[in-house]
Every structure is written in structure tokens, then in C-alpha cells.
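Comments concern the structure below.
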Amino acid sequence: MLTYRLLITTCLTLSLVSPITAEVKPSGELDLSGTFKHHEDVSAVETLGAGAYVVGVDEGRHLQLLVDCDPGPCRVGDILPLRSDDGDEIDVEAMARDGLMLYVIGSHACNRRSVKQKHDRDENLKRLRTVTCQESRDGLFRLTLDPSNGRPTGDIERQDLRRRLHHDPFLSRFETQPSKENGIDIEGLAVRDGNLFIGFRGPVLRGNWVPVMVTRFDAPSQHTLRWLQLDGRGIRSLAAVDGGFLVIGGAVGGAEISFELYFWDGRDCLPNDGASTCLLQGLGTLGAEDGAKPEGMTLLRDHGLAGGWEILVVYDGAEQGAPRRFQVKP
């Protein structure tokens, strides 16, 4: 069973406000009937409404439906391939829905092979030298959903961010760095007014600044960066809410630090001549045990910054993603 503690904090860049007592309270689990493919690698979730969800995993090349959740139990439904070939994994890390349009993004990450006790020194040195950057992980997908069954209609469009990463004066320096060594690692995605907000688990720059890329799917060469401070954490998930975004922050690599939930108003938090630039409000801690990590989040109900939110969170490393509802009260 996952454990939780409360956090009372206010994080406001160059601005002083009265502390707000925040509560993040678990409010129930989803009962599931059936088994996800790659059931311990659930990394993303997005609500489709009417008791249905779409789930992503960081293995394979597909999404999977979760249906009949109202009143439940939820039934694990159809597999939705993002690619029809038998190539490498897409490494789905985040999703965001805008009406009938669903956006899905891969990690765009590179990996260094880990040392294994069972191997001799030469083999382990070889593993340390080996860094792989798989093109299959560079996908940014857009698909239109059929409201009657949640399945895609028409072609699935694909882009990647590699050109944007390569030409960005900040992100290009981390483009081929392994993700768990502060390299590029995308794990957050939200959409507002056609603009994609892409949250990076890494890199985190000096001063604990973590980037959010703001771009549009159909403008592949145009983007801006906005910056947050999450006390050394990277972004593990994003969800658009009234007046801003909810953000899950967690470790860039494998450090044992807490997973925190924040409200961010969407503005750049970099200091500007001593003036307040953004609202970034700490809300609470999402605890985990037995290696399970809060990895994906979707908004269920929105009562605004004054009234709070209900969210659904899935956990990477937990059986079936252990989907749990939370009541968040600022």
C-alpha cells in the first residue's frame, strides 16, 4: 500500500504570499478487470470521459483503453497501436487530450547501459561506454478519437522534437547525454489552446531550473522555453487546469527524494528585474513504496485554485499501474 504525507509550503518566484495549507488525500482506487500489456510499466493516463481512459506504457509501441469505469470495475480494453511495425519501443511517457484530439509523446531520451554484478570487468566497462539513442523514442503523435469507442479515426500523425532539441541553445547541450545523467528526458505533456506544454524530467540546470517547452504540433521549428524551480526535481507529469497546470516533480535519476505535487500558473518563473514572474505553489507529497513511482496524471474534476481538484495518478513499477484518485485541496 502506498503511503502519503502532507506538505505545507509556498513556492513563489520573487514573490511573498501567505502560506496555504494544502491537502493531498487519496480518495479511492480503480478496480480493474483484465491485464494491461506490459502491466508493470504504466507511465501515462488520460481521461476520455464517460468512464473511459487511455493508458500508455514505457515499453512497446501502443496505447491501451480502460473502459466501463462508471460504475466499474474498469475493464482493460483494446490495444491501440501507434506504429504497425515490429521496431523498437516508443517509450510513451505522457499524453494530453484537447477535445477529440489526443497527443502522445515519447521520452526522446538516450540511455547508458548499467553495470551488472554477474559480468566481468571488461563487459561492465563496455556497458559503461555504451550510450544508445533510439529514434523510436523521438515520437510526438497526434490522433483524432472516435467519441463512441475511443479508437483513432484517420491517420496517426507523427513528428519528433529532435530538430528543436538540436538547435536550442540550452537543450542541445544535453541532447545525447543519458537521461538518468541529467540528459534529455521528456515525461510531461499538457495542451492549452493548441499549444503543447512539454515538461522535462531532465535536464535540471544550475539553480534547479527545469524547462518546459511551449510549441505547436504543426509548427515544428518554433518553440519557446519557460522555466520552473522544483527544488532540484524534474517534471514527471503535467495536467492543464483552470488558470494553470498541476505538476508532479520527482528525481532526475534514481535519487531517493519525494514526489511533490505543485500548482503552476504557466508563466515563466525566471527572475525579471526583481519582479514577481509566476505563481508556483507546493500542494503536497505523493508517497510511494516498493519501487512504485507516480508517473502519470489526469484531471477528473476542476474546482479551481480556491476549491481544488480531483486527479487520477498511475504508478510505474506497480502492478497494473495502481491507479488512484486524489482529492487536492489548497
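Within region 99-127, how many residues are surrounded by 12 or more Cβ atoms within 10 Å (Cβ to Cβ), of a type outside the set (D, E, K, R) and either free of Cβ contacts under 8 Å to residues at least 40 places away in the same chain or farther than 23 Å from Asp88 by Cβ (or both)?
Number satisfying all stated conditions: 6.
Just checking, how many residues over region 201-222 are buried (at least 19 other Cβ atoms within 10 Å of the Cβ), more than 15 Å from the chain's Cα centre (by Cα) and in a strand (DSSP E or B)?
Result for region 201-222: 1.
Within region 234-242, can one find any residue that is more than 23 Å from Gly56 (Cβ to Cβ) and part of a strand (DSSP E or B)?
No, region 234-242 has no match at all.
Which one of Arg164, Arg206, Arg201 is under 25 Å from Gly244 (Cβ atoms), among the charged types (D, E, K, R) and modelled with pLDDT of 95 or more?
Arg201
Filter region 133-174 down to residues that are acidic (Asp, Glu) and surrounded by fewer than 17 Cβ atoms within 10 Å (Cβ to Cβ), then give me how many there are.
Qualifying residue count, region 133-174: 4.
How many residues, within region 21-47, are closer than 22 Å to Ile90 by Cα, modelled with pLDDT under 95 and touching a Leu at 6+ places or on another chain (Cβ under 8 Å)?
Residues in region 21-47 being closer than 22 Å to Ile90 by Cα, modelled with pLDDT under 95 and touching a Leu at 6+ places or on another chain (Cβ under 8 Å): 0 in total.
If a residue has to be over 15 Å from the mean Cα position of the chain (by Cα) and part of a strand (DSSP E or B) to count, how many in region 299-320 make the cut?
Of the residues in that region, 5 qualify.
For Asp78, work out the one condition from (1) buried (at least 22 other Cβ atoms within 10 Å of the Cβ); (2) farther than 24 Å from Phe174 by Cβ it doesn't fulfil.
Against the list (1) buried (at least 22 other Cβ atoms within 10 Å of the Cβ); (2) farther than 24 Å from Phe174 by Cβ, Asp78 comes up short only on (1).
Could you list, in sequence order, the residues of region 235-278 that are out of contact with any strand residue (DSSP E or B) (no Cβ under 7 Å at 6 or more places or on another chain) and closer than 22 Å to Glu310 by Cβ?
Listed by number, the list holds a single entry, Gly243.
Within region 223-233, can you find the residues that are in contact (Cβ under 8 Å) with a residue 24 or more places away in the chain and either in contact with a Ser or Thr (Cβ under 8 Å, 6 or more places away or on another chain) or assigned to a strand (DSSP E or B) (or both)?
Matches in region 223-233: His223, Leu225, Arg226, Trp227, Leu228, Gln229.
Show the residue pairs meeting these rules: Cβ distance below 6 Å; 6+ apart or different chains; first residue within region 249-274 and under 24 Å from Ala109 (Cβ atoms); second residue surrounded by 19 or more Cβ atoms within 10 Å (Cβ to Cβ) and of a type in the set (Asp, Glu).
Listed by first residue and then by second, the contacts come to Gly249/Glu260.
Restricting to region 103-127, what's the tally of residues that are assigned to a strand (DSSP E or B) and farther than 27 Å from Leu189 by Cβ?
Residues in region 103-127 being assigned to a strand (DSSP E or B) and farther than 27 Å from Leu189 by Cβ: 0 in total.
Filter region 26-45 for residues that are in contact with a Gly (Cβ under 8 Å, 6 or more places away or on another chain) and in a strand (DSSP E or B) and give the result.
Val42, Ser43, Ala44, Val45
In region 64-102, what count of residues is obtained for those that are assigned to a loop (DSSP other than H, G, I, E, B), under 17 Å from the mean Cα position of the chain (by Cα) and of a type in the set (A, V, I, L, M, F, W, C)?
Selection size over region 64-102: 1.
Can you name the condition, by its number, that Leu283 falls short on among (1) buried (at least 22 other Cβ atoms within 10 Å of the Cβ); (2) under 17 Å from the mean Cα position of the chain (by Cα)?
Looking at each condition in turn, Leu283 falls short on (2).
Just need a number here: residues in region 309-330 that are more than 21 Å from Asp70 (Cα to Cα) and either free of Cβ contacts under 8 Å to residues at least 24 places away in the same chain or touching a helix residue (DSSP H, G or I) at 6+ places or on another chain (Cβ under 7 Å) (or both).
2
Got a sec? Which of Gly296, Gly253 is touching a helix residue (DSSP H, G or I) at 6+ places or on another chain (Cβ under 9 Å), modelled with pLDDT under 95 and either part of a strand (DSSP E or B) or not β-branched (Val, Ile, Thr) (or both)?
Gly253
Taking region 191-200 only, how many residues are closer than 19 Å to Leu280 by Cα and outside any strand (DSSP E or B)?
0
Can you name the condition, by its number, that Thr153 falls short on among (1) of a type in the set (Ser, Thr, Tyr); (2) under 28 Å from Thr298 (Cα atoms); (3) touching a residue at least 60 places away in the same chain (Cβ under 8 Å)?
(3)
The values are calculated or read from the model by the stated rules, or taken from the named source; none is laboratory data. Remember, predicted model here, so these are calculated numbers, not experimental data. Counting neighbours? That spans all protein chains shown, and the Cβs are built from the backbone with ideal geometry, glycine included.
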